[in-house]
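J.: Dropping the structure in here first, questions after.
The values are calculated or read from the model by the stated rules, or taken from the named source; none is laboratory data. Keep in mind that what you see is a predicted model, and the values were worked out from it rather than measured. A quick note on method: Cβ atoms are made from the backbone with ideal geometry, for glycine too, and the neighbour counts reach across all protein chains shown. Accessible surface is based on the protein model in full, side chains and every heavy atom, while ligands, DNA and RNA are left aside. Shrake-Rupley method; radii C 1.70, N 1.55, O 1.52, S 1.80 Å.
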Amino acid sequence: MEKIHNNLNIENLTKTEWFNQFNKGQQKEILKGLKNNVDVSVYANKKFKDKQMKEIRIGLELDLDVSVYAKLEYNSKQMKEIREGLDYSLEISIYAKSEFSYEQMREIKSGLREKNDVSIYATIEYNWEQMRQIRWGLEDDLDVSIYATPVYHWTQMDQIRLGMKDNLDVSKIAKKNYNWEKMERIRYNMLYS
């Protein structure tokens, strides 16, 4: 904010040209920040959408280091995942990368919360659904190396993981050329024969 606005109260600030450059959603987030005594200059930028402003404001209210995610390269959902990781005191540098979708960030964040070795799947090569299958396998103490490869679709990973959970010989279904339906049929035959 410009110095000229430092001595204005909130009501007078809302009448300024500076304030009126923002859309209604952005104005709402600036007002919330002012009422909660946060430094709105961190996010009072027309280029931030109101939902991005909200995530930055919440981080400031929680006294988090928002400089990590108060960047235009992140959408509001990515910002939320990073903010939550900061709030949980997680090593967010592993996933605070704009090339990860917010869903991928969420899977990595969830693995970190469970104290899993996320390095196995914290790579752009896996989509979030593949990441989830690997994370679930780690949570079940399975040897995920059997299916943790981007060549498997997440539905194939799911069948292999479920077979492992049932203590089946998954070498019979862990075939890249088998679609998930074939894997499921074989798994069911092994399970119920």
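J.: Would it be correct to say that residue 129 is part of a loop (DSSP other than H, G, I, E, B) and either buried (at least 16 other Cβ atoms within 10 Å of the Cβ) or at pLDDT 95 or above (or both)?
T.: Answer is no for this residue.
J.: Hey, can you tell me all the residues within region 147-181 that are open to solvent by 70 Å² or more (accessible area, probe 1.4 Å) and part of a helix (DSSP H, G or I)?
T.: 154, 165, 172, 180, 181
J.: With respect to residue 51, determine if the residue is at pLDDT 95 or above, under 31 Å from the mean Cα position of the chain (by Cα) and open to solvent by 100 Å² or more (accessible area, probe 1.4 Å).
T.: Here the answer is yes, as residue 51 does meet what is asked.
J.: Further, regarding this structure: I'm trying to understand the selection: among the residues of region 88-107, which are open to solvent by 20 Å² or more (accessible area, probe 1.4 Å), assigned to a helix (DSSP H, G or I) and under 18 Å from residue 71 (Cα atoms)?
T.: Hits for region 88-107 are 93, 94, 102.
J.: Of the residues that sit in region 54-67 and are acidic (Asp, Glu) and assigned to a loop (DSSP other than H, G, I, E, B), which one is least open to solvent (accessible area, probe 1.4 Å)?
T.: This residue is 65.
J.: Which pairs have Cβ atoms under 7 Å, sit 6 or more apart or on different chains, and link a residue in region 111-122 that is within 12 Å of residue 91 (Cβ to Cβ) to one that is open to solvent by 30 Å² or more (accessible area, probe 1.4 Å) and hydroxyl-bearing (Ser, Thr, Tyr)?
T.: 113/88
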